[in-house]
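Below: one structure, written as structure tokens.
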Amino acid sequence: MNAKTRTEVVQAAQKIIFGNEGNYGSVNANDNGAVSVGKVQWHAGRALSLLKKICAAEKGAASILGSALYTEITTAAAGAWNTRTVNAEEKAAISKLLSTDAGKRVQDSQAETDVGAYVDHGLKVGVEAPAALVYFADMENQGGGGASARVAAAAQKPVTLDTLHAAGLADRVMGKYSKRRNKVYESAKKLKWSEADQEENGGQHMSFTPRLTRPGAGNKYYIRKASGGYSSAVQGSPRDSQCDVLHNCVGYANGRFNEIIGAGKESYALVCNAEQFVTRAKALGLTVGQTPRLGAIAVWQAGATLQGSDGAGHVAVVEKMVSTTEIITSESGWNASKPFWTQTRKKGSGNWGQGSSYKFLGFIYNPAPCCQGTPTVTEPTAPVTKPTTTTEKKATGTAKSFDKKLAGTYTVTAGSGLHIRNAAGKNNASLALLPCGTKVQNYGYYTLVGNVKWLYIQVTYQGVKYTGFSSIEWLKKQ
């Protein structure tokens, strides 16, 4: 995310948080066992830290607070207010201090810092959509970093405002505050972003979130079914204490592939020797090619056979496209010195950076919407005779469900043509009218409206690439 968009997100989040929490002089004498103060309702130890800063900036602080309270605030240790509540007299004095010009300046500065940290935490855990980041920031201010990260991890991927809100309502803690969650959701939906739909980082879509750090504890895509997770993979060696399919390239790649799909289950069980991934993927109906794409699994054969007797091969997942001949991958490895790493790989003679004892077999393409139509990053060539442009129209609505049995090619059967719409449902705007006989592609994603499945489809029609929703009632699978 660029600096301008981040600033817009922080400002929008502050406005929503201030509306939910209070004003400069607000004091909650006993907020779940400790005092909360100010326009962001800094709580317990954070309240003490803020008041220390205001006392240092306000010359009349001792007079406003009184000697005893002033001395306590300015000398207390960091954890001293973790269970500190205040009486009516102390509440009035603190409110008066908070409302001074110095009190307001310190709160404004601290709020900017804190909300910026919330947004940066959201980006770190994979929340990139601006409206979703605003929602995430309000959750973190209300429930803390543990709660916000837990909800983000549970949200269907890619994380959007809708998927994050659904996970928030379902969360064991944040779901108790459904009124506030719904209020923040409605406010975030109305926000406009000057650059929210632009592409960054070498042409990658914001909806694809690269994994550049190891998966953490509780991420079920990297935990075996026997341990309460989603994965059918074997236990890694050595076994990682947080994600027990690590250390192992197979367990990691299988987990990452399904994490990108984000169905809350193991949608595709790629659990075999690494060099047999291509065979397994084709049997599961997945597409394999030689050109890298975001979210694809790169597969290498070890030795002369695919039997495993001369090596089990290796797999890695494409996280960033530097160019058509250079990618950044995320990986793990059996008996490796660490459970996770990222690596820059260049195509070279075609082996994509793997040793001479390995043979590159191909890329297994991920069917998730965020991995479709991955922009091709081209190398400059000379001479350039004629620049080309690609026109693309994509629905703003997002698919809510996934069923890999739906994936495939469909033909439009409606005699008068079929609308591809901006969101699921016949009352939404039409992106185009597809003639009878047009072939479209679905990757298993859909949204149920009433009792009708609206497929999330892709089609190129009259030179324009469309991605949107059409009713399955007028589509016949090939």
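The values are calculated or read from the model by the stated rules, or taken from the named source; none is laboratory data. Predicted model, so just to flag it, every value in this text is computed and none were measured. Because the Cβ atoms are built from the backbone with ideal geometry, glycine has one as well, and the counts that use them run over all protein chains shown.
A few notes on this one:
- Looking only at residues in the stretch 89-100 that are of a type outside the set (A, V, I, L, M, F, W, C) and in a helix (DSSP H, G or I), the one that is farthest from Ala47 (Cα to Cα) is Glu89.
- Picking from residues in the stretch 414-424 that are surrounded by 13 or more Cβ atoms within 10 Å (Cβ to Cβ) and more than 18 Å from Pro369 (Cβ to Cβ), the one that is nearest to the chain's Cα centre (by Cα) is His419.
- Against the list (1) of a type outside the set (A, V, I, L, M); (2) surrounded by fewer than 13 Cβ atoms within 10 Å (Cβ to Cβ); (3) modelled with pLDDT of 95 or more, the condition Gly362 fails is (2).
- Residues that are loosely packed, with under 14 Cβ neighbours inside 10 Å and either touching a His at 6+ places or on another chain (Cβ under 8 Å) or not acidic (Asp, Glu) (or both), drawn from the stretch 461-478: Gln462, Gly463, Val464, Lys476, Lys477, Gln478
- Helices (runs of 4 or more DSSP H) contained in the stretch 101-182 and holding at least 1 residues closer than 19 Å to His43 by Cβ and among the acidic types (Asp, Glu): 101-124, 130-143
- Taking the criterion of being surrounded by 14 or more Cβ atoms within 10 Å (Cβ to Cβ) and of a type in the set (Asp, Glu), the residues of the stretch 53-107 that qualify are Glu58, Glu72, Glu90.
- Some residue of the stretch 209-217 being buried (at least 20 other Cβ atoms within 10 Å of the Cβ), assigned by TED's automatic domain parsing to the domain that holds Leu361 and not β-branched (Val, Ile, Thr): no
- Matching entry among Thr305, Thr291, Thr279 (being surrounded by fewer than 18 Cβ atoms within 10 Å (Cβ to Cβ), assigned to a helix (DSSP H, G or I) and not basic (Lys, Arg)): Thr279
- Test: residue in the stretch 9-31 that is farther than 26 Å from Leu191 by Cβ, in contact with a strand residue (DSSP E or B) (Cβ under 6 Å, 6 or more places away or on another chain), in the same structural domain as Leu97 (by TED's automatic domain parsing) and touching a residue at least 40 places away in the same chain (Cβ under 8 Å): yes
- Some residue of the stretch 151-162 being modelled with pLDDT under 90, among the polar types (S, T, N, Q) and at positive phi: no
- For beta carbons closer than 7 Å, sequence separation of 6+ or different chains, a first residue in the stretch 331-353 that is not assigned by TED's automatic domain parsing to the domain that holds Arg256 and a second that is part of a loop (DSSP other than H, G, I, E, B) and not polar (S, T, N, Q), there are no qualifying pairs.
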